[in-house]
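Report on one structure; see the data block that follows.
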Amino acid sequence: MRASLAASVIATALSVAFGALAGPVGERHLQASDATAALRDAEHRTTVRVTVWYPAAEGAKEERIDLGPPGKPLFVVGAVAPDAPFADAKVRPVILFSHGFGGTARMMGWFGVPLARAGYVVVAVDHPGNNGLDKMTTPGAILSWTRADDLAAALGAAKADPEIGPRIDGAKVGVSGFSAGGFTTLVSAGARPEMFRFVAFCRRHPEDGVCRPQKEYALSMDDAEKALKSPELAGAVAHAGDDHRIPGVKAAFAIAPAIVQGLTPESLASIKVPTAILLGDADPVAPPDTNGRVAARMIPGAEVRELPGVKHYDFLSTCTDAGRAVTELCRDEPPQDPTHQAAIDMALDFFGRTLGAP
C-alpha cells in the first residue's frame, strides 16, 4: 500500500540523515498520577498513561505501529522495539509531547519516534477524558490547561523510573504538541489560560474552526460554558489561570496550535523560552489568523513556518487507503509525508539549537 511504502521511504531517509544515531527506537509505557485526572476520566481514574520513546540497543527488534482494525489499519505510524534496552547510559535531553483533541500519544508517533531515533528521549501522554482510546468527556474537553499538568506528571514518572530516570537530563526539557497539544505546549512554557476569554471570542466568531463542535467530540459552546460554570468543576476552573509552566522547559515547539484565544495576551508576551510554531496555511480547524499567527506575533522572538496548502489533519499519522475510505480525518488533499518530514526537520533543527544535540 502507498502509505507503507511512504513510511519505509521516510525511515530510510532518516537513517541516511542521522547516520549512527539512526538505530532502533524503544517504546516503554508508564503510569503517572494527576489530581485532576479523576475529574476528566470517564471512569474517574487518577492515572495518566505515558508512552516513552528512546534510542534502543543495536539489534533491538522493531515492530510496526498501525492504528485501526488488525490487518486493515487506518493509519501507519512507524516502528518501535517494545521494552528494548537503552542504547547506552548517556544522559539525553527530553521532549514532552501532547497530542491533539481526541488523539493519542501513538497517533503522533510519526513525530516522536524520529526524534527518539535522533537521540532524544520523548515522553508522551494520553490525556484523560480527551483521547481516542477512552470515552471522551466534557471535563476532558474543556479543562484544557490540565494537559500541561499531565506532562509535568509524566516527566516526574519518567524521572522516577529506575531505567529511564538516569538517562534523561531534567535541565534540558523541550515541549511540543499538536493542535490542543500546541495550546498545551504554550501553557507549559508560561502562557496562562483564561477560558471565559475563549468563550467570549467564540460568541463573537461562532464560525471560527476552533469554536465549532469538533469531529472527535461534538460539544457546543453553550454546553462548554455551562460546564465551566458548574459547581462540579468550579475548583478546577478556579486554578485555570495559575502558572502551569513545567520546570526545566527550555524550548517549545507548537504544531498547528489551537485555542490560542483562550490564552491571555500578556502571558504570551511574557514567554521567555525559545518558541517555534509550525502551521498549515490552509488549516480550517485551527485557523492561523486566530491561532498560530496570533501566538507568533505576541511571543518575543518566536520562529514561525507556514506550509502551503497544508490542513489540520495532515499532521496526523499517515492515512492508508482504508483510512481515506472510512474516516473524515483522512480526507485532506495534500500528501502527508512531505508535511511530516518538514515538521521533523524543523523540530530537530530547533531542538538541536535550543537544547543541544543529543
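Can you tell me the 0 to 90 degree angle between the C-alpha axis of helix 2-18 and the longest principal axis of the chain, rounded to 10?
Tilt of helix 2-18: around 70 degrees.
Roughly how many whole Å is it from the C-alpha centroid of segment 267-303 to that of segment 197-223?
The distance from the Cα centre of segment 267-303 to that of segment 197-223 comes to 20 Å.
If I model a spin label as a point 7 Å beyond the Cα along the Cα-Cβ vector, how far apart are those points for R297 and D243 in nm?
Placing both labels 7 Å beyond Cα along the Cβ direction yields 2.8 nm.
Jot down the radius of gyration and Dmax of segment 296-358, Cα atoms only, both in angstrom.
Over segment 296-358's Cα set, Rg and Dmax evaluate to 14.9, 43 Å.
Cut-off under 16 Å on the C-alpha distance; same-chain residues fewer than 8 positions from K272 excluded. Which aspartates and glutamates are left, in chain and number order?
Once the sequence-local aspartates and glutamates are set aside, what remains near K272 is D243, E303.
Identify which of P288, P257, P82 has the largest mean-square fluctuation in a Gaussian network model of the chain, with springs joining Cα atoms closer than 10 Å.
P82
Quick check: from the Cα gyration tensor, does the chain come out rounded (a/c under 1.5), prolate or oblate? Write out the running numbers ahead of the final one.
Values: a/c = 1.45, a/b = 1.29, b/c = 1.12.
Rounded is the answer for the chain, as its axis ratio a/c remains below 1.5.
By what distance, in whole Å, do the Cα atoms of segment 83-123 stretch along each of the three principal axes, largest value first?
35, 19, 14
With springs only between Cα atoms under 10 Å apart, run a GNM on the chain and tell me which of P334, P70, P247 wobbles the most.
Highest fluctuation among the options: P70.
How far is it, in nm, from the label point at R204 to the one at D83 when both lie 7 Å from their Cα along the line to the Cβ?
Here the answer is 5.4 nm between the modelled labels.
Counting Lys and Arg as +1 and Asp and Glu as -1, what is the net charge of the other residues whose Cβ lies under 13 Å from the Cβ of D83? Each step should come with its number before you reach the end.
On the way: positive: R28, K61; negative: E27, E62, E63, D161, E163.
With Lys, Arg at +1 and Asp, Glu at -1, the net is -3.
Mind sorting E62, E232, E27 by how few other Cβ atoms lie within 10 Å of their own Cβ, fewest first?
On the way: E62 19, E232 11, E27 26.
Arranged by neighbour count, lowest to highest, E62, E232, E27 become E232, E62, E27.
Residues in segment 139-153 near a label at T327, defined as backbone nitrogen under 20 Å from the 7 Å Cα→Cβ point?
Hits in segment 139-153 for T327 at 20 Å: 141.
Can you bin segment 220-358 into rounded, prolate or oblate? Criterion: square roots of the alpha carbon gyration tensor eigenvalues sorted a ≥ b ≥ c, rounded for a/c under 1.5, prolate for a/b above b/c, oblate for the rest. All intermediate terms of the calculation are to be shown ahead of the outcome.
Values: a/c = 1.98, a/b = 1.15, b/c = 1.72.
Cα axes put segment 220-358 in the oblate bin.
Per DSSP H run of n ≥ 4, the term is -39500 (n - 2.57); total these for the chain, divide by its residue number, and report the mean residue ellipticity at 222 nm rounded to 500 deg cm²/dmol.
-9500 deg cm²/dmol
Of the cross-linked pairs K215/K311; K90/K159; K61/K90; K250/K311; K90/K172; K61/K159, which ones have a Cα-Cα span greater than 18 Å in the structure shown? Present the calculation step by step, with values, prior to reporting the outcome.
Values: K215/K311 15 Å; K90/K159 14 Å; K61/K90 21 Å; K250/K311 28 Å; K90/K172 14 Å; K61/K159 25 Å.
Table pairs above 18 Å Cα-Cα are K61/K90; K250/K311; K61/K159.
In segment 35-74, whose amide N lies under 20 Å from the spot 7 Å out along Cα-to-Cβ of D161? List them in ranges.
Hits in segment 35-74 for D161 at 20 Å: 35, 46-66.
Can you sort V285, V260 by how many other beta carbons sit within 10 Å, fewest first? Don't skip to the answer; put the middle values down first.
Working: V285 20, V260 27.
Fewest-to-most Cβ neighbours within 10 Å comes out as V285, V260.
Using the Kirkwood radius over C-alpha pairs as Rh, can you work out the diffusion coefficient of segment 47-157 via Stokes-Einstein at 37 °C, viscosity 0.692 mPa s, in µm² per second?
Details: Rh = 14.8 Å.
Rounded to a whole number, D works out at 222 µm²/s.
For helix 146-160, what angle does its Cα long axis make with the longest principal axis of the chain, in degrees from 0 to 90 and rounded to 10?
Compared with the principal axis, the helix lies near 30 degrees.
If you build a Gaussian network model of the chain, linking Cα atoms that sit under 10 Å apart, which residue out of G71, G280, G301 swings the most?
G71
Starting at the first residue of segment 26-34, write each ³J(HN,Hα) from the Karplus equation 6.51 cos²θ - 1.76 cosθ + 1.60 with θ = phi - 60°, in whole Hz, x for Gly and Pro.
So the J values, rounded to whole Hz, are x, 9, 10, 10, 10, 10, 10, 10, 9.
Only the coordinates and a few stated rules stand behind these numbers; no lab work does. What you see is a predicted model, and the numbers here were worked out from it, not measured in a lab. In this analysis, Cβ positions are derived from the backbone assuming ideal geometry, glycine residues included, and neighbour counts consider all displayed protein chains.
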